[in-house]
1. Before rounding to the nearest 500, sum -39500 (n - 2.57) across all DSSP H runs of length at least 4 in the chain and divide by the residue total; then give [θ] at 222 nm in deg cm²/dmol.
2. Using a Förster distance of 45 angstrom, determine the FRET efficiency expected from the C-beta separation of residue 105 and residue 56, and round it to 0.05.
3. How do 47, 136, 191 rank when sorted from fewest to most other Cβ atoms within 10 Å of their own Cβ?
4. If you find the alpha carbon centre of the stretch 108-182 and of the stretch 183-235, how far apart are they in angstrom?
5. What FRET efficiency would be calculated for the residue pair residue 173, residue 121, taking the C-beta separation as r and a Förster radius of 35 Å, to the nearest 0.05?
6. Can you give the angle from 0 to 90° between the axis of helix 128-142 and the longest principal axis of the chain, with both taken from C-alpha atoms, to the nearest 10?
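Readers should treat all values here as calculations from the given coordinates under stated rules, not as data from a laboratory. Note that this is a predicted model, so its numbers are computed, not measured. So basically every Cβ, Gly included, is an ideal-geometry build from the backbone, and we count neighbours across all protein chains shown.
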């Protein structure tokens with residue numbers, strides 16, 4: 001079953017027409033899809049279009065029957081006057097979460113990401129990695145059918161990366177679909193089911209690693225194939 005169906009003919013900024021063009025893809029339940037491309041390729045514009053944050057968009061974005069989604073941004077955002085735990089309480093209220101296990105799950109995630117001692121501290125004083133962990137915890141507590149994740153590994157220590165990947169795998173087993181934009185190609189190669197390669201606002205390749213290798217005519221890593229396809233597209 002589909003959790004996200006994207007058909008974007010174009011999306012533009014006031015100073016840049018056709019920032020993205022002809023972006024079409026589907027994400028199904030339990031699927032992790034990697035959104036790959038160089039800086040300025042249009043990955044953020046695609047995500048903003050999906051989230052409804054772009055004003056000039058021609059196209060359609062359809063989420064599954066249960067439209068609840070969680071967004072983990074590249075740059076964490078917080079309320080300065082709320083503590084870590086108050087953010088967790090706010091997420092529960094805003095999303096109308098009523099399950100009795102919510103706070104127990106929150107405590108478990110705080111332990112996993114080693115944030116127990118910061119429970120009543122203000123996230124504004126945290127490191128980038130600690131702030132990213134809180135964004136991840138809140139998203140996981142929502143338990144959506146769709147995750148949209150933008151550069152989640154920046155700032156995370158190796159243990160947090162491993163824990164996050166394990167938790168994503170659990171969410172896939174639960175049936176959640178995941179769209180993940182990342183530059184960490186070696187990790188993406190290991191965890192993603194399919195890939196969307198974007199360059200100059202266009203989708204230049206899509207598919208599994210084997211399909212990407214076929215299109216690049218190279219039996220190499222995702223990074224090697226990505227480089228070949230990028231160079232070919234740039235010629």
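1. On the way: 8 runs with 91 residues, N = 235.
Roughly -12000 deg cm²/dmol at 222 nm, from the helical runs in the chain.
2. Values: r = 40 Å, r/R0 = 0.88.
Calculated value: 0.70.
3. Working: 47 20, 136 25, 191 16.
The most exposed by this proxy come first: 191, 47, 136.
4. 26 Å
5. 0.60
6. Approximately 80 degrees, to the nearest ten.
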